[in-house]
Amino acid sequence: MKKISIVIPCYNEIENVEPISQAVVEMLEKDLSRYDYEVLFIDNASTDGTREKLEEICGKNRKIKAIFNVTNFGQFNSPFYGMCQSSGDCTIVMCCDFQDPVELVPKFVAEWEKGHKIVSGVKTSSKENGFIYFLRTVYYKVIKNMSDVKLIEHFTGFGLYDKTFIELMRHLDDPIPFLRGIVAEYGAGFNMTELAYEQPERRAGKTHNNFYTLYDAAMLSFTSYTKIGLRLATFLGFICSFISFIVAVVYTVLKLTHWYSFGAGSAPIVIGVFLLGGLQLLFIGLIGEYILNINTRVIHRPIVVEERRINFEGGDQKADN
């Protein structure tokens with residue numbers, strides 16, 4: 001009997017963990033009863049009682065498992081690590097807040113049975129804030145056009161992954177894995193297909209996305225899969241230097257021939273200084289993002305450090321990473 005793993009990352013989702021576990025188990029036992037299953041929650045150091053609720057849920061069903069992280073390892077590391085701990089013939093990762101439709105899972109499995117080893121859920125529309133959705137659309141198009149890897153627009157990671165792809169993930173040895181980029185980079189070799197869906201509203205609780213998390217996601221994809229930032233800094237630096245040299249020559253000639261008074265010439269100099277200073281700060285910050293990316297990879301800390309795991313073989317335990 002084939003086994004399906006459902007991985008559900010969570011952080012402060014006390015209002016959603018029980019309903020999502022019930023909905024997923026009901027769907028699996030009703031629509032996919034010919035498969036064995038496991039439901040794996042990976043908690044990113046919740047502080048609102050989510051862990052206590054997960055302990056209660058796991059106590060009622062041994063097929064529901066949980067991993068508790070020692071701290072919050074971010075929106076990318078935790079799901080990636082949870083997927084690598086799954087044991088199914090295929091693994092489906094989905095959000096805890098019902099914004100990834102549970103009813104899409106049987107469709108994923110049907111595509112998997114046709115031979116597609118990656119089935120990506122792609123949002124064609126969303127009931128979230130329209131302005132946020134517009135910004136996401138712009139972001140995806142910009143990154144897609146700048147990257148050597150053609151990232152999938154409106155793909156958040158929600159989808160099905162065959163155990164062969166999960167095995168590849170386990171061997172990547174990347175301390176800051178970006179699942180969307182990994183899927184885009186290697187998906188063609190796994191006969192990837194896409195399924196469209198409309199993203200529903202969050203069922204309960206508050207979104208944990210804010211400007212910082214969205215910026216972090218954008219910078220991770222930007223510095224991991226594009227060279228445009230560094231190239232742009234080089235090209236604009238060369239252009240500005242050339243223009244500055246021409247302006248300096250022209251200004252010197254005009255001063256020597258008394259065609260340009262000092263008072264009239266100070267304004268463009270001040271403007272030029274502020275313009276070049278602003279560009280320098282912008283690109284120093286951009287280069288800093290690349291260096292931060294490199295530094296994180298060089299330090300090579302574990303993707304996740306576990307505090308405890310529940311319902312795994314051997315009973316409740318702490319895991320060494």
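The values are calculated or read from the model by the stated rules, or taken from the named source; none is laboratory data. In this text, all values refer to a predicted model and were calculated from it rather than measured experimentally. No Cβ is skipped: glycine too gets one built from the backbone with ideal geometry, and neighbour counts run over all protein chains shown.
Might you check whether a residue that is under 20 Å from the mean Cα position of the chain (by Cα) and under 25 Å from Gln199 (Cα atoms) occurs anywhere in segment 45-52?
yes
Go through (1) modelled with pLDDT under 90; (2) crowded, with 17+ Cβ neighbours inside 10 Å; (3) not in a loop (DSSP other than H, G, I, E, B) for Glu128 and report which single condition fails.
Exception for Glu128: condition (3).
Matching residues to (1) among the basic types (Lys, Arg); (2) closer than 19 Å to Asp162 by Cβ:
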| site | (1), (2) |
| --- | --- |
| Val25 | no, no |
| Lys30 | yes, no |
| Arg34 | yes, yes |
| Glu52 | no, no |
| Lys60 | yes, no |
| Phe68 | no, no |
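Considering only residues that are on the phi < 0 side of the Ramachandran plot and surrounded by fewer than 15 Cβ atoms within 10 Å (Cβ to Cβ), which ones fall in segment 297-306?
Correct list: Arg297, Val298, Ile299, Arg301, Pro302.
Taking segment 22-51 on its own, how many of its residues are under 19 Å from Cys95 (Cα atoms), out of contact with any Cys (no Cβ under 8 Å at 6 or more places or on another chain), of a type outside the set (Gly, Ala, Ser) and assigned to a helix (DSSP H, G or I)?
7
Restricting to segment 23-35, name every residue that is without any contact (Cβ under 8 Å) to a residue 40 or more places away in the chain and surrounded by fewer than 17 Cβ atoms within 10 Å (Cβ to Cβ).
Within segment 23-35, Glu26, Glu29, Lys30, Ser33, Arg34 meet the criteria.
Can Glu201 be described as more than 23 Å from Glu13 (Cα to Cα) and either assigned by TED's automatic domain parsing to the domain that holds Glu18 or modelled with pLDDT of 70 or more (or both)?
no
Residues to consider are Ser86, Ser78; find the one that is crowded, with 16+ Cβ neighbours inside 10 Å, touching a residue at least 24 places away in the same chain (Cβ under 8 Å) and in a loop (DSSP other than H, G, I, E, B).
Result of the check over Ser86, Ser78: Ser86.
Those residues that are buried (at least 20 other Cβ atoms within 10 Å of the Cβ) and touching a residue at least 40 places away in the same chain (Cβ under 8 Å), I need them from segment 42-56; list them, please.
If the condition is that a residue be buried (at least 20 other Cβ atoms within 10 Å of the Cβ) and touching a residue at least 40 places away in the same chain (Cβ under 8 Å), then Ile42, Thr50, Leu54 are the ones that fit.
For segment 101-114, does any single residue satisfy the condition of being buried (at least 23 other Cβ atoms within 10 Å of the Cβ), of a type in the set (Asp, Glu) and modelled with pLDDT under 95?
No, segment 101-114 contains no residue that is buried (at least 23 other Cβ atoms within 10 Å of the Cβ), of a type in the set (Asp, Glu) and modelled with pLDDT under 95.
Determine whether segment 65-75 contains at least one residue that is part of a helix (DSSP H, G or I) and in contact (Cβ under 8 Å) with a residue 60 or more places away in the chain.
yes
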